[in-house]
1. Determine if the range 206-216 includes at least one residue that is in contact with a helix residue (DSSP H, G or I) (Cβ under 6 Å, 6 or more places away or on another chain) and open to solvent by less than 40 Å² (accessible area, probe 1.4 Å).
2. Hey, any hits in the range 172-190 for a residue that's of a type in the set (S, T, N, Q) and touching a helix residue (DSSP H, G or I) at 6+ places or on another chain (Cβ under 8 Å)?
3. Against the definition (modelled with pLDDT under 85 and open to solvent by 30 Å² or more (accessible area, probe 1.4 Å)), how does GLU76 come out, yes or no?
4. Can you go through VAL13, VAL56, VAL52 and tell me which one is crowded, with 18+ Cβ neighbours inside 10 Å and touching a residue at least 60 places away in the same chain (Cβ under 8 Å)?
5. List the pairs whose first member sits in the range 164-183 and is of a type in the set (Ser, Thr, Tyr) and modelled with pLDDT of 90 or more, whose second member is part of a strand (DSSP E or B) and open to solvent by less than 80 Å² (accessible area, probe 1.4 Å), and whose Cβ atoms are under 8 Å apart, counting only residues at least 6 apart or on separate chains?
6. In this structure, is GLU177 open to solvent by 90 Å² or more (accessible area, probe 1.4 Å) and assigned to a strand (DSSP E or B)?
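The values are calculated or read from the model by the stated rules, or taken from the named source; none is laboratory data. Predicted model, so just to flag it, every value in this text is computed and none were measured. Cβ placement follows ideal geometry from the backbone for every residue including glycine, while neighbour counts extend to all protein chains displayed. The accessibility values were calculated without ligands, DNA or RNA, using every heavy atom of the protein model including side chains. Shrake-Rupley method; radii C 1.70, N 1.55, O 1.52, S 1.80 Å.
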Amino acid sequence: MLEKDYEGSVCEVKTLKNVFIAAGRIDRIDGTDLEISDPSGPMPLLPYKTPVKISVFNSSLGFRVLAGQVYISNEEYIQVMHTLDFLEYERRRFFRLDIEAPAVLLVRGEAPDGEEVPDGEETPPEEVPVRVKNLSLCGAMFESGRRYHVGQALSLRMKLYKSQEEVFQLVIHRGREWEGVYTYGAEIVDLSRRAEQNLCAYLFEQQRLQIQRNKARGQN
């Protein structure tokens, strides 16, 4: 959380991959929320819950780097919510949340033996039901009755926040088998900004629901 003394500091807003979005100053700090404007011109418009990185410059208090999500965005200001130190945010990115969720693997098949796939045509992917056991912004662990190999690229389709479907590109890094069930750990690659927003919102929602369930059990 940024101290209120940083109000008035110059800052830069970037994507999590360090693509420049805007420069401005911090007009207001309210807990973990920041309001940023640019006196020299209008601010860019950003979608709700866009993850951003904020570099804060202050000669007296020191340099800080934060991460958060866009709450309000208009030409006058950008309000960023749930800010925290960027290093802590990076640690959370690699934190896996245990879940129990259905999903579908999209597995590209091959043409039957002796047949050739015509140029420009692809065989439709096979849809294989799986169970996702844990999930993060960087990877997933899932269970399947099928055998796959390390390094294999697959697509995973699942419903996220508000039942929005996303398809993630996976690369399997490890796998093990127990009594006919295969458990795989896979990296999520080439994550688009929209998919990252939806996945982040889903993880926050699932974490909140888990906390509520744990509290309810403690009260019984």
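1. no
2. No.
3. Criteria not met by GLU76.
4. Sole residue among the options that is crowded, with 18+ Cβ neighbours inside 10 Å and touching a residue at least 60 places away in the same chain (Cβ under 8 Å): VAL13.
5. From the range 164-183, the pairs are TYR182/GLU143; TYR182/SER144; TYR182/GLY175; THR183/LYS133; THR183/MET141; THR183/PHE142; THR183/GLU143; THR183/GLY175.
6. It is true that GLU177 is open to solvent by 90 Å² or more (accessible area, probe 1.4 Å) and assigned to a strand (DSSP E or B).
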